[in-house]
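S.K.: I'd like to ask some things about the structure below.
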Amino acid sequence: MTDTRGAGERLEELDAVEGLAVEPITQWDLFWTRLRRHRLAMVAAGVLTFMVLLVVLAPLLPFEDPTQRLLDDTGRTLRNIGPRGGILFGTDELGRDVLSRVVYGGRASLIVGGVTGALVCTMGTLVGSIAGYYPGPVDQSLMRFTDLVLGLPLLPVAIVVGRILPDVEWLPSWVGDGPIGIALLLGFLSWGGLARIVRAEFLSLREKEFVEAARAAGANDRRIVFRHILPNAISPIIVQTTLIVGIAIIVEAALSFLGFGIPPPTPTWGGIVSEGGRIAVRGFWWQLVFGGTALVVTVLSINFLGDGLRDALDPTQTIERK
Amino acid sequence: MTEVASTYDTTAEISDDHILRVDNLVKEFPITRGVFFKKQVGAVHAVADVSFYVKRGETLGLVGESGCGKSTTARSILRLLEPTSGDVWFNPEGGDPVNIPTANKETLRNLRRELQIIFQDPYASLNPRMTVASIVAEPMTVHNVGTKQDRLDRVKELLKVVGLSPEHTNRYPHEFSGGQRQRIGVARALALNPSFMVLDEPVSALDVSIQAQVLNLLQDLQEELGLTYLFIAHDLSVVRHISDRVAVMYLGRIVELADRNALYEEPMHPYTHALLSAVPIPDPEVESNRVRIILEGDIPSPANPPSGCRFHTRCPKAVEGVCDTDDPQLRELAEEHWVACHYPEVRKVF
Amino acid sequence: MFAYIIRRLVYGAVTLIALSFIVFMMLQAAGSPLDRLYLNNLLEDGFIEEVTRLWGLDQPLLVQYWKWLTNYVQPLDFSPQNIIPWIVLGIVAVAIAAIWRFAEPRFRPAWILGVVFVGAMVALRNMNIEFDWGISFNSGSTLVWDEVFSRAGATFRLGFTALGIALIVGIPLGIYQALRQYSFFDQLGTFSAFVAFSTPIFVIGVALQTYVAFRFEEWTGVKLFFVAGMTGDNYAQLSFIDQMGDIFRHLTLPAISIALISLAGYSRFQRASMLEVMRSDYLRTAKAKGLSRRTIIVKHALRNALIPIVTLVSIDIAFIIGGAIITESIFGWPGLGRKYIEALGVVDFPVIMAIVLVIGIGIVIMNIVADILYGVLDPRVRYD
Amino acid sequence: MAEPLLEVNDLRTYFSTEEGIVRAVDGISFTLDRQERLGIVGESGSGKSVTAMSIMRLIEPPAGEVVTGTITFKGRNLLEYDEADMQDIRGGQIAMIFQDPMTALNPVYTIGDQLMETIMLHQKVSRKEAYDIALTAIEDVQIPGAKSRMETYPHELSGGMRQRIMIAMGLSCNPDLLIADEPTTALDVTTQAQIMDLMLHLADERGTAVMLITHDLGVVAGFCDNVQVMYGGGIVEKGTVGQLFANPQHPYTWGLLGSLARMDEEEQHRLRSVRGAPPSLINLPSGCRFRPRCDFAVDVCAQAFPLLRDSGEPGQESACHRANELDLKSIVQEEEVTA
């Protein structure tokens, strides 16, 4: 007993010599400390949280119906009214409340961003992992397929599909007319980049000595993939996914802008900018400015958050104990 | 002396006091090329017909320069790489010998309890996203040994054995220094009480003062636990220090294999001569009296090895018509002293 | 190495077939082309019969696709009596043989590409080729070839101007940021790049159009930029200098709208690439040799830092074409993109198909060009 | 004796990082004579490379900075040179060879280009003349087919060949001092022998002084006249190689030598390791930096920073409070006796 304690004391002394502090830091602590240091990312996270809450809770909040025109006391439609008390963002050409349209327009954007992101994350990781873990014909054929998908020019194809979707009679209307259809389309067109990245990660990680050590210990494929490779590939997956979410929101808005996205009267940011651009020439700037700002700020926040995550998830970065 | 030479018998059964026997091990990596479909157009002959045995409880050192195939040999033995051909017989104490390359999945899995490996790079060999406890416990987890609590107890015990504090279990690798990480790697390798360990350049990434710590630890463990080591390194000083017998590899072949003192004091292969003479000795008096054998040129590519003796392109003693056409076999030229050379000669190089 | 180029060409062809197949099937999914013809009131004069025969509309979908594809690559008008193309062909063949004999292997693909490009240009001008891409479903009379071919130049002009702006501004910006890392300018540049990168092209386009063109003129009475078309109505009567000015005033805003995002991307990429090179061992060697800071940066750092951007540009080509589709419709630019949107509005089947494939071909060719350029710039690249 | 070629006095080079000030080199002084071969030995993080970089003035603010000290080269303080004068020194009078030959050459220019660039810069000769000098330089480092080598790119050469090119480049302008920073660490042992042999032979021929930075005590024993051992940013011991290896005065040197496995040892014995790990350069221990790892530490070691002072044979200096009272050599013998 005394022996053990003696050894323990010696070991503590050894720790002091080797500069190991008493309290361990978990990976989570590290991640948070680094993310908090990235001020823009923190602001971005705040903005995004606010946006999501606003959009999700919109029906519970005192917003006007985004598709109904506002009337004045005499029953006349309030067209193109500038921002003022009560109508913070003004009204559009049809007399609808721009604030409420911008908030509800965010629904389409965030749904498209979220669903596309989830889809890309799943498909890209799946295809990339399989290709990266099984070299040879499986890898070859999957990567040829990935090249093919990557070779499709995103916007021209998305525009065709966006234009055609509402006309396809046999599709259920939630696919044809809603944001889900656009999200599915964008998801299927944009997983290729992530698949390549994940494959490259797998190829490099499977050669790492800790993976060999696991194999030497007798670990099976499942354990190697889920315990050793994927946790170390998580950083590029998250970063690439945030990038795709931003792009998806932009492309959805572009489709709506061109009139090939979600059909009116459902509000979308792209539609608001399109219409706002037309009337801004006459000095009615609020639709263009508020719609555009909402779109840019959202995408910007996503990109800043992605940048912060990239820094925070980088395992090569060290941090000094305080 | 060359009269009594016998060649290495690769057909013999593994004897009881040998724990491992490698016969005609070959590992080739295909070189592929093709416009649409990959065709094999050649091969890197990383390990070209290597045979040796390891005695129970000894340390066999395997030395050679980069690209000589020593690490590939180790990985092929453990079947971390699939060998192209050859046998690797493992002889567990009180069990039947198993041929690793042909073993089925279940046998191999069970074998892995007995065979362990320690890697060179203490930074790459520990999963940065796992705690020390789960890293060290991994072999036990994989083989379903004991309860969670049992495993944790064992981890703490192992950490003590390798000179780390048992309180470190919930730390992550990035918090440790290189030497400490290497100790964690040793603890992991010991988890299942293996009998045979491959040490693949275990100290070459460490600073000198830390190297000594790890080497001492390895020697203590061998003594306490009766382990057998296959010690792979490029540092000839370290190999002499820790090994009982030493094999020298050049371009995928073993060129000389002997007891440590025989190999260092009476080397017979010209490559061994050159290699030993090139190693600096930290003693200015010894150094000032040494003559270096400087080899010409670079090591040839293992994708296109020279004909005949693989060393003949750089060998100061190469004889035209013999060395460039005939491939020398490993022959026993003195008791337990194997050499693959047409013109072996004992030469003291320091 | 040539095996590599052939492989790239074959992959390119497969991609193009997949692209056209997907779009073809998509268009079909929304209803038969015949329905579209009804909608577009083009029922007279046996037009239906002609289209049915030309496209095989009475046959299974796959056959229809195959028919479309073979029509697409079939020259409609090609006069072999003309002697000039054959001479051009001969000169090109001799030139390739000479290149093969005398040029360094590393530079062969680039030389050959150049010769083939010049040869193809000369041949196209003199051979009067037209391909059988059918008749527009919208007008019922115009040849699709004419509609598309006449507009390709406009998109080319817009796209390359945008690419030029992005490269000429983005690369120096990135390099300057790298040389002044962590300075206020660097941080401002990074922030601006993020903003530009997050701003959709149509937002930039509409904002520029509204405020820099329309409202600015309203406020100051000065007309800086035009917002529609490629040239003014009186273009032909202007002097050369005025013509340039006219082109400039039409081109600037749409090109900037497209270029801004690419520019942000290039500057970020170039900054990172320059920083990496600045940290490299060979730059330390250059410093230890006693070279001046200027030589180190201009000779040793720039060359290495510029190579990787070629890859980014080749990826970006598809993006710039996508951007052109959007700005062309905002600024009324008479290019392929605007035609594409118009054709989609009325589902003008043959025009949509023709443009999608032209865009695809453009991207494939530009990617191969970028690959070859990379090989010229970086001696380490080997193709296999 | 004539004035030394290089005299470094109280040099301190610090780096500022997010975690704090890294005192990479912290108050070192030494001299280097013409044609001397000086070895600087130390483990990773001991400050030996930073010393070399400081002399070449390759440390760039704001990351790092020489905060105090003088570096007198041929009678003038290098730290007072302006950038243009410094460029004449670099490559012309002081040349440097780096650790990793695989990355030290610019991948997009030919060997010839890179050699001729240095020659034209420092010898002010025409392209034609520079070509001839470069050709001779390649022949001097024993690379066959010099003419065709001029046209090759670095990636077409092996590591050993590239290091030869680096040596050719370093010596092409006949510098007074060649700083070799771990020149053979990335190379195999037989290649190391070729390179060291070649480098010192050429340096001797030209009368160039060599400052060899390495972690390998064996290389130092074989190739240097004098040696100094660095630990935690400071010099802990210096002397001739004979003195230092035979009779180390500092416990760290003593421990380091005992940690080495030797190829010429007949019997297997236990290595005398140095416990613990090198200190963080941000949080250096008080007093003697080696104290936490030292077996002989006493109270004074925690209180006062030990300065280099004469110890052992004439010319040998050690930075240990107890250098003169400890007899490390006899401890060695005692151990051998008990073992």
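S.K.: What's the FRET efficiency of D:Asp225 with C:Val94 using the Cβ-Cβ distance as r and R₀ = 60 Å, to the nearest 0.05?
M.R.: Calculated value: 0.35.
S.K.: Can you give the alpha-carbon Rg of region A:41-313 over 2.2 N^0.38 Å, where N counts its residues?
M.R.: Here the Cα radius of gyration is 1.20 times the empirical estimate.
S.K.: Summing -39500 (n - 2.57) over the DSSP H runs of n ≥ 4 in chain D and dividing by its residue number, what mean residue ellipticity at 222 nm do you reach, to the nearest 500 deg cm²/dmol?
M.R.: Computed mean residue ellipticity for chain D: -10000 deg cm²/dmol.
S.K.: Taking the dipole about the Cα centre of region C:231-293, with the C-beta of Lys and Arg at +1 and of Asp and Glu at -1, give me whichever of C:Ala255, C:Ser239, C:Gly265 is farthest to the positive side.
M.R.: C:Gly265
S.K.: Here's another thing I want to ask about it. Let me know the mean shielding of C:24-31 by other chains, meaning the per-residue number of their Cβ atoms within 10 Å of its Cβ.
M.R.: The mean count of partner-chain Cβ atoms within 10 Å per residue comes to 5.
S.K.: Right, another one. Straight-line reach only, C-alpha to C-alpha below 24 angstrom: list the lysines that B:Lys156 could link to, leaving out same-chain residues fewer than 8 apart.
M.R.: B:Lys148
S.K.: When only C-alpha pairs under 8 Å and at least 6 residues apart count, what is the relative contact order of chain D, in percent?
M.R.: Result for chain D is 19 percent.
S.K.: Pick out, in residue order, every one of the GluC sites (Glu not before Pro) in region B:45-94 that is DSSP loop and has at most 15 other C-beta atoms within 10 Å; say none if there are none.
M.R.: For GluC sites (Glu not before Pro) across region B:45-94 that sit outside H, G, I, E and B with at most 15 neighbouring Cβ atoms in 10 Å, the list reads B:Glu93.
S.K.: Over region A:41-313, calculate the relative contact order: mean separation of alpha carbon pairs under 8 Å at least 6 apart, over the residue count, as a percent.
M.R.: 26
S.K.: What's the ranking of C:222-229, D:187-194, B:104-111 by average number of surrounding C-beta atoms within 10 Å, highest first?
M.R.: So the peptides C:222-229, D:187-194, B:104-111, ranked by packing, come out D:187-194, C:222-229, B:104-111.
S.K.: Rolling a 1.4 Å sphere over the protein heavy atoms, what is the accessible area per residue of region A:199-308, to the nearest Å²?
M.R.: 32
S.K.: Under 24 Å from the Cα of D:Lys48, which lysines turn up, not counting those fewer than eight places away in the same chain?
M.R.: Answer for D:Lys48, where 24 Å is the Cα cut-off: C:Lys287, C:Lys289, D:Lys74, D:Lys238, listed by chain and number.
S.K.: Now for a separate question. Could you give the size of the charge dipole of region B:46-166 about its Cα centre, using +1 on the Cβ of each K and R and -1 on the Cβ of each D and E, expressed in debye and rounded to the nearest 20?
M.R.: Dipole of region B:46-166, to the nearest 20 debye: 420 debye.
S.K.: While we're here: If you place +1 on the Cβ of every Lys and Arg and -1 on the Cβ of every Asp and Glu, how big does the dipole about the Cα centre of the protein assembly as shown come out, in debye to the nearest 20?
M.R.: Roughly 3880 debye for the protein assembly as shown.
S.K.: Within region C:362-383, list the residues whose amide N lies under 15 Å from a label point set 7 Å along Cα→Cβ of C:Arg303.
M.R.: Those under the cut-off are C:375-381.
S.K.: Tally Lys/Arg at +1 and Asp/Glu at -1 over every other residue whose Cβ is under 14 Å from the Cβ of A:Tyr104; what's the total?
M.R.: In short, -1.
S.K.: Something else now. Just name one of D:Gln142, D:Ile179, C:Gly362: the one whose Cα is farthest towards the positive end of the charge dipole of the protein assembly as shown (beta-carbon charges, Lys/Arg +1, Asp/Glu -1).
M.R.: C:Gly362
S.K.: Then there's this: For a quick check of your reading of the filter: which GluC sites (Glu not before Pro) in region D:221-319 sit in a DSSP loop and have no more than 11 other Cβ atoms within 10 Å?
M.R.: The qualifying sites are D:Glu266, D:Glu267.
S.K.: Then there is this: How far is the Cα center of region B:309-350 from the Cα center of region D:45-123, in Å?
M.R.: 46
S.K.: Let me ask another. Suppose R0 equals 41 Å. What FRET efficiency, 1/(1 + (r/R0)^6) with r the Cβ-Cβ distance, do B:Lys348 and D:Asn77 give to the nearest 0.05?
M.R.: For B:Lys348 and D:Asn77, the calculated efficiency is 0.20.
S.K.: Return, ordered by residue number, the residues of region D:33-56 whose backbone nitrogen is under 20 Å from a label point located 7 Å along Cα→Cβ of D:Thr185.
M.R.: Backbone N within reach: D:38-56.
S.K.: B plus A alone minus the pair: what accessible area, both sides summed, probe 1.4 Å, in Å² to 100?
M.R.: Chains B and A together bury approximately 3200 Å².
S.K.: Moving on. Buried by at least 40 Å² relative to the chain on its own: which residues of region D:130-176 qualify, computing accessible area with a 1.4 Å probe on protein heavy atoms?
M.R.: By number: D:Tyr153, D:His155.
S.K.: For chains C and A, what's the summed buried accessible area, probe 1.4 Å, to the nearest 100 square angstrom?
M.R.: 3500
S.K.: Per-residue Cβ counts within 10 Å, from other chains only, averaged over B:170-180: what number is that?
M.R.: 5
S.K.: Taking each residue of A:253-259 in turn, how many C-beta atoms of other protein chains fall within 10 Å of its C-beta, and what is the average?
M.R.: Going residue by residue through A:253-259 and averaging, the value is 5.
S.K.: For labels at D:Ala246 and B:Phe29 in the simple 7 Å Cα→Cβ model, what's the distance in nm?
M.R.: So the label points at D:Ala246 and B:Phe29 sit 4.9 nm apart.
S.K.: Sticking with this structure for a sec: Whole number in Å², please: accessible area per residue of chain B, 1.4 Å probe, ligands, DNA and RNA not counted.
M.R.: With all protein chains present, chain B gives 38 Å² per residue.
S.K.: How much accessible area per residue does region D:71-221 have, in Å², with a 1.4 Å probe?
M.R.: 33
S.K.: Same structure again: Label chain C by shape, choosing from rounded, prolate and oblate, from the square roots a ≥ b ≥ c of the eigenvalues of the Cα gyration tensor; if a/c is under 1.5 it is rounded, and otherwise prolate applies when a/b is larger than b/c, oblate when it is not.
M.R.: oblate
S.K.: Here's another thing I want to ask about it. State, as an integer percentage, the relative contact order of chain C based on alpha-carbon contacts under 8 Å between residues 6 or more apart.
M.R.: Relative contact order here is 24 percent.
S.K.: What GluC sites (Glu not before Pro) does region A:153-224 have in DSSP loop regions with at most 16 other beta carbons within 10 Å?
M.R.: A:Glu169, A:Glu207
S.K.: Can you give me the % of accessible surface on the protein assembly as shown that is carbon or sulfur? Probe 1.4 Å, all protein chains present, nothing else counted.
M.R.: 58
S.K.: Right, next: Calculate the FRET efficiency for C:Ser32 and C:Val212 from the Cβ-Cβ distance with a Förster distance of 51 Å, rounded to the nearest 0.05.
M.R.: 0.65
S.K.: Taking the Cα-to-Cβ direction at C:Asp186 and at B:Lys39 and moving 7 Å from each Cα, how far apart do the two end points lie in nm?
M.R.: 5.2
S.K.: Please give, to one decimal in nm, the separation of the simple spin-label points placed at B:Asn170 and A:Phe50, each 7 Å out from Cα toward the Cβ.
M.R.: So the label points at B:Asn170 and A:Phe50 sit 3.7 nm apart.
The values are calculated or read from the model by the stated rules, or taken from the named source; none is laboratory data. All values reported here derive from a predicted model rather than from experimental measurement. When we count neighbours, we look across all protein chains shown, and the Cβ atoms used for this are built from the backbone with ideal geometry, even at glycine. Protein only, heavy atoms only, side chains kept; ligands, DNA and RNA dropped before computing areas. Shrake-Rupley method; radii C 1.70, N 1.55, O 1.52, S 1.80 Å.
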